[in-house]
Every structure is written in C-alpha cells, then in structure tokens.
Amino acid sequence: MSARANFSSIGLRAAACGILLSLSALLTPSASAAPLEAKAYKMAGDATRMRVVMQFDREPDPKWFLLRGPHRLVIDLPETNFSVDARELKARGLISGVRFGNVGEGRSRLILSAKGPFTVERIDVLENEKAPGYRLVADIAAASDKAFDAALAEQAETTGSTQATKKADRLGVVAARRAKPFTIVIDPGHGGIDGGAEGVNGTVEKSITLAFALELKKKLAETGPYDVFLTREKDDFLRLDERVRIARQHEADLFISIHADTIRLKGIRGATVYTVSDKASDAEAAALAARENLSDQLAGIEIQEENHEVADILVDLIRRETHNFSMRFARSLVGELSDAVELINNPHRSAGFRVLKAPDVPSVLVELGYLSNPKDEAQLRDPDWRGKAAARISAAVALFAGERTGTGG
C-alpha cells in the first residue's frame, strides 16, 4: 500500500515537473522568438522606380501601409536588430530618406520616404538561393497623387499585406485611366549647370528650349481642353529620370522633350522627331542619344548601370502599347511639321534616349533644328518662327488626343 502510495506520489511529482517545464518553455523566449537580424540593406533604381532589398537571418513577417506628408512606405516587422551599412541608406532616386528602429512591444519598423507619390508594385519575402537567410524585396514606382490617394482609400478599408502584385497589374494607371483632361508634359531640355549645345552666334540650347516650351504651352492652352505642365519653368537643372518622374506623376498622356542640337557638319539643318529604341536608327541618332544621356554627368552626378536586381522591373520600361502610341504621334508630328518648317532627311529617327523611357507615357524628343547652322540658329531665336512651329506641334497633339479620347473626326 505504501509502495503504491509512493509510486503515485512520484508520478504526481513527475507530472507536476512536466507541467512546470512546459510552462517554463512557454514563458522563456525560444531561439525562434529572439529578435531578427537585419544584416544588409540595398536599394537601386532612379527617380521613376526603385527596388529596396533587406537581408534577414530568418524569415520575417512584414506588414506595410502608406502615409502622406511626406509620401512614405512603412514596413512593420517583428523585433529586429539592424546591422546595416549607413552608406547604403543615402537618399537616391525616388527615395528621399530611410529610417528604421524599434517601436516597442516586440516590433520594429522600416520607413521609406519618397520624393513624391508612388505605387507599391511588390513587397515579397524570398528565401536566399545561395546563402542562408531571407530577403525582403520592395518595389515602388513614381505615380500620380490620384493613384496614391486611391491606394490610401483602399488601405482605409483593408490592410496591407506581403502579397506581391501580379505583374500584369503593374503600372495599372494605364488600364485605369479616370476621366480627366488630356494631359501633356513639355520638357525643355537641359537647364541650370547643363546649358546644352551652343550656337555659332552664342545661342545656348537651354534658353531656346525653355522659350519654345513656354510658347508651345500657350498654343496648347489656346487650342484644346488640355492640362499642360512643364518639367521646368525657369533655368533649373533636372536629372533625366526626374523629368520622367514628373511626367508619370502628372499621369501624362503625352511627353514632348524639346531640344536644339549641334553637329560637326555646319551645312546640315532642319527639325527631327525621335522616339526611343534599344537600337538606334542610324549613327547620328546614336551619337545624339549618347550626348543627351550625358546631361546628368555634366552636373557631376554619377550615372551607374542599373543593378541586376532591378532588371525584371526595367524589362517593363518600354511597353509595346506605349511604344506604338509614341510611334503614331511621331509620324503625325512629322506630317504636321513638314507643312511649315524644314526637316532633315528621314526626319523620324530613334535611339536609346533615357528621357523617353517612361513605361506608360507616349514620348517623343523634338530636335527643333541645329544651332551649328546659322540659318537654323536665327530661326530658333525668332519668336514668329517659334510660334509657327509650336502651332504645328499643337495641331499634331490635337489629332493624337482626338484618337486617344475618341473625340477626333
């Protein structure tokens, strides 16, 4: 009897110990409940599109939401120890600031501030293929205030998630155009420290392009119910990707970049209309694109090739539909200009202009003439000639806008 009692006592004590051990396990943080380790941070892209990558020792469970004033993407994480290189946090491209830290109650936060409104194209957690750990990948792209406000409104009804957006739905602004005036963004080339080309009689390209852009804006305001914006209205320097960002944030239906180049052969004169292409239509177009694409370097800004991590985003830069619209407008523009101004031979050309690479905005670059030719330079300085040329461009815009909005004859 005593032996049986003793055995029962031992069993009860063992059971009690088991319960205590179980409670201890629940109350004592396990290895999996230890803070995450954020081991590296990288971001790449430009003023139109950015990718952010943060490396973790274990799989994080992020939740995200948007804030405005300034425009921000906030990513909440489980408690995290951040051990990242401060140099990688330097503002660049679309991102104007990066902050992170613990916010209490076992939570941490990463905050990405942007230069303007944006869309979140993707937030994913991926397991590393060649090393232990996981990476958080966030893709954002410049957008309009309307698109950002729509995302905020949707956020108010739901909550953010880590689910990636389907690729077919990216750049959804095109498919979801709301009823609004046809919008044109005019880009006066060069500006500020980047004067552009200089004529044989001292005319500076940045001054001609701004004067013409203002004239074109005036003509467009007179001829149609358009919204018209300029990338710059004074002698300011703008990066090429900033010009593209401005077009996207205005939800432009058309982007027209204005230039006036020089060429070694002084006898060549006339206007040219360019569209973007991976392969230049001719050596002269390739050389011009190379010169224009160096504008950022003239201001001391280092231009780097896109990081391989953003390659899949940049594949979408030249979307077929947008390119077709650009080609259509360029052909119409050449036809209108041919009735009023002198054009070079083969006036519609193409090359890899960075300023024409908005993924969802039909875009052309117009070389009004050659400042290296005295006759062209004199015309470009003549307000009457600029008015006549601007009127022909305005007529081409009216045809194109009518096609796009269904109001054309």
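Observations, loosely collected:
- Exposure of residue 375 as accessible area (Å², to 10), given a probe of 1.4 Å and all protein chains: 130
- Annotation: peptides 280-286, 241-247, ranked by per-residue average of other Cβ atoms within 10 Å with the highest first, follow the order 241-247, 280-286.
- With all protein chains modelled, accessible area of residue 268 [1.4 Å, Å²]: 50
- Reach of residue 234 by Cα under 19 Å, taken over aspartates and glutamates that are not fewer than 8 positions away in the same chain: 187, 194, 198, 205, 215, 242, 296
- Probing with 1.4 Å while keeping every protein chain in the model, the per residue accessible area of region 99-147 equals 45 Å².
- Solvent exposure of region 193-244, expressed per residue, is 46 Å² of accessible area, with all protein chains present and a 1.4 angstrom probe.
- Accessible area per residue, Å², region 319-409 with all protein chains present, probe 1.4 Å: 42
- Solvent-accessible area of region 207-291 (1.4 angstrom probe, protein heavy atoms only): carbon and sulfur portion equals 54 percent.
- Listed residue pairs exceeding 27 Å between alpha carbons, taken from 217/357; 217/279; 180/218: 217/279
- Chymotrypsin sites (Phe, Trp or Tyr not before Pro) restricted to DSSP loop in region 42-104 with at most 10 other C-beta within 10 Å: none
- Heavy atoms of residue 348: accessible area, 1.4 Å probe, square angstrom to 10: 60
The values are calculated or read from the model by the stated rules, or taken from the named source; none is laboratory data. Here the structure is a predicted model, which is why all the values come from computation and not from measurement. A quick note on method: Cβ atoms are made from the backbone with ideal geometry, for glycine too, and the neighbour counts reach across all protein chains shown. Ligands, DNA and RNA are stripped out before the accessible areas are found, and what is left, the full protein with its side chains, is counted by its heavy atoms. Shrake-Rupley method; radii C 1.70, N 1.55, O 1.52, S 1.80 Å.
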